[in-house]
1. Excluding same-chain residues fewer than 8 positions from Lys5, which lysines have a Cα within less than 21 Å of its Cα?
2. PRE reach from Glu164 (point 7 Å along Cα→Cβ): which of the range 190-228 fall under 20 Å by backbone N?
3. Place a point 7 Å from the Cα of Lys112 along the Cα-to-Cβ direction; which residues of the range 136-178 have their backbone N under 18 Å from it?
4. How much of Met226 can a 1.4 Å solvent probe reach, expressed as accessible area in Å² and rounded to 10?
5. Is there a quick way to get the dipole size of the chain? I mean about its Cα centre, with the Cβ of Lys and Arg at +1 and of Asp and Glu at -1; what is the value in debye to the nearest 20?
6. Please state the charge dipole magnitude for the range 33-177, taken about the Cα centre, from unit charges on C-beta atoms (+1 on K and R, -1 on D and E), reported in debye and rounded to the nearest 20.
7. If you average the sequence gap of Cα pairs under 8 Å that are 6 or more apart and divide by the length of the range 59-103, what percent do you get for the contact order?
8. Taking only the alpha-carbon atoms of the chain, what semi-axes of the equivalent ellipsoid follow from 5 times the gyration tensor eigenvalues under a square root, in whole Å, largest first?
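The values are calculated or read from the model by the stated rules, or taken from the named source; none is laboratory data. Given the structure is predicted, the values throughout are model-derived calculations rather than measurements. Using ideal geometry, Cβ is built from the backbone for each residue, glycine included, and neighbour counts are taken over all protein chains shown. Ligands, DNA and RNA are excluded from the accessible area calculation, which covers all protein heavy atoms including side chains. Shrake-Rupley method; radii C 1.70, N 1.55, O 1.52, S 1.80 Å.
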Amino acid sequence: MSVQKEVKRVTTKTLQEMKFKGERISMLTAYDFSMAKMVDAAGVDVILVGDSASNVMAGHETTLPITLDQMIYHASSVIKGTERALVVVDLPFGSYQGNSKEALTSAIRVMKETGAHSIKLEGGEEVVESIKRILSAGVPVMGHLGLTPQSIYKFGTYVVRAKEEEEANKLIHDAHLLQEAGCFAIVIEKVPAALAERVAKELTIPIIGIGAGGGVDGQVLVLHDMLGINTEFKPRFLRTYLNLFEQITGAIGNYVTDVKSRDFPNKNEQY
Ligand code: KIV
């Protein structure tokens, strides 16, 4: 008789408990079934189907071109590869900024068509009405403040945000608004560590940082960056755990050599 080990799914409540216990939250992106399976098996708490798929999967320069249909495709592949992680899906640019009804329609499509557990959207005060409307339909929402890549043409650059007092105060104000609206967590991207730590201390919901220092409740990275697949992106905050670009091109190069030299397939590799 085989004993099936039941895996307990991470929920928004689990994340809240982790914050209270001071246990750090690990979050990574994934965009497809096979990678999601590995990320989940490795014990990552939250998998983000990020709109960074626009960059690392589709090769676009920004996150702006990816569509809701494409995000749904990625998310429905990821969800099949996970047993434990909470899966969050980015609402892409243009799918929620119009008005709160449009935001709700997009969030419902994601939940219905992918089986994911929550959505993430970028912005503060400007999107609070949409967040409340999505939440009223029972869909958990993660916020995203600081460097919000969907606004890159407004910022004009990917440099550290909220270094000046005015922008830092707006970020703190927005973080409180998102918490009051009912967000279960907030990603804070590329801001000074002291500011992110202050927000994490003031708020009761988890703050997940990327380029926001170690004083927050959890960390997120883009999978392709931390695995060294995407070698062109080397910001200071990124720690690379592998050099997969080199390893994969090396392995594929060996395959090409073996095919050309007729070493592959050998007698044992045929019928
Ligand atoms: O799309 C994404 O990968 C993200 C992370 C950078 C947080 O939003």
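1. Lys37, Lys80
2. Of the residues in the range 190-228, 190-196 have backbone N under 20 Å from the label point off Glu164.
3. Once the point is set 7 Å along Cα→Cβ of Lys112, 136-140 turn out to lie under 18 Å by backbone N, inside the range 136-178.
4. 30
5. The calculated dipole for the chain is roughly 620 debye.
6. It works out to roughly 440 debye.
7. Relative contact order, the range 59-103: 45 percent.
8. 34, 22, 19
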